[in-house]
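First comes the structure, then the notes that go with it.
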């Protein structure tokens, strides 16, 4: 019986993976990887590679992945489940680990750098700063189970707001945000963050859906709302 490692690969730039994760990838017998994983991370391994990229809400594929992890661990020593960002931040890593352990197989989670902080940083935006009185930040996913838009009770009135997986529901998301936050609050939309294809669009909250549509923004993209976006003018020149 083998062991499953559920590993966070980081936000996109392959150099941001942790040393522990990199060493496990090199030793793996099987690597089951997601859609946003850099191909560079898969070059230095002799493992069997299984692609299981899924879109938002694809529950049938998730069941397949759960079963695949168990079946491979029955015949292989080191099974790596490679996921973008951090496995426990909207990554379903906890669901996979629970399923593996419930089938009597050892499972270890290796944290990764979450896109929620790394992507804004690569765009010259800190998520907290004394310079603009941003003493807290909140990370949300725009959609909940069964593609329901996030409940407005989860959205704070103040502080930095980092929104994941919101592009496909941008009009509904904008409506919810405008019912809570200042329409003229600064926002940043960051597409393909930390990669060579990164694009950044700056505006105000009441321009959110317009910016997405006019620039044909596609997933993966992160939205940052708050005064910290103002610091990009001073920090981007240093990156």
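Every residue in the range 206-224 that is in contact with a helix residue (DSSP H, G or I) (Cβ under 6 Å, 6 or more places away or on another chain) and either not assigned by TED's automatic domain parsing to the domain that holds residue 142 or not in a loop (DSSP other than H, G, I, E, B) (or both), please.
Selection gives 208, 209, 212, 221, 222, 224.
In the range 124-134, which residue that is in a loop (DSSP other than H, G, I, E, B) and modelled with pLDDT of 95 or more is surrounded by the most Cβ atoms within 10 Å (Cβ to Cβ)?
125
Enumerate the pairs (first residue in the range 17-40 and assigned to a loop (DSSP other than H, G, I, E, B); second residue anywhere and loosely packed, with under 13 Cβ neighbours inside 10 Å) with beta-carbon separation below 6 Å, excluding pairs fewer than 6 apart on the same chain, so at least 6 apart or on different chains.
29/77; 34/53; 35/53
All but one of (1) within 28 Å of residue 22 (Cβ to Cβ); (2) surrounded by fewer than 16 Cβ atoms within 10 Å (Cβ to Cβ); (3) in contact (Cβ under 8 Å) with a residue 24 or more places away in the chain hold for residue 99; state the number of the condition that does not hold.
Failed condition: (2).
Could you please let me know if residue 134 is within 22 Å of residue 84 (Cβ to Cβ) and touching a helix residue (DSSP H, G or I) at 6+ places or on another chain (Cβ under 7 Å)?
No.
Quick check on my filter: what residues within the range 106-123 are buried (at least 19 other Cβ atoms within 10 Å of the Cβ) and assigned to a loop (DSSP other than H, G, I, E, B)?
112, 113, 114, 123
Is there a residue in the range 95-114 that is closer than 18 Å to residue 189 by Cα and touching a strand residue (DSSP E or B) at 6+ places or on another chain (Cβ under 6 Å)?
Within the range 95-114 (the criterion being closer than 18 Å to residue 189 by Cα and touching a strand residue (DSSP E or B) at 6+ places or on another chain (Cβ under 6 Å)), the answer is yes, since at least one residue qualifies.
So residue 8 fits all but one of (1) modelled with pLDDT of 95 or more; (2) over 26 Å from residue 194 (Cα atoms); (3) under 20 Å from the mean Cα position of the chain (by Cα); what number is the exception?
(2)
The values are calculated or read from the model by the stated rules, or taken from the named source; none is laboratory data. Computed from a prediction, not measured in an experiment: that's the story for all the values here. Cβ: placed from backbone, ideal geometry, glycine included. Neighbour counts: every protein chain shown.
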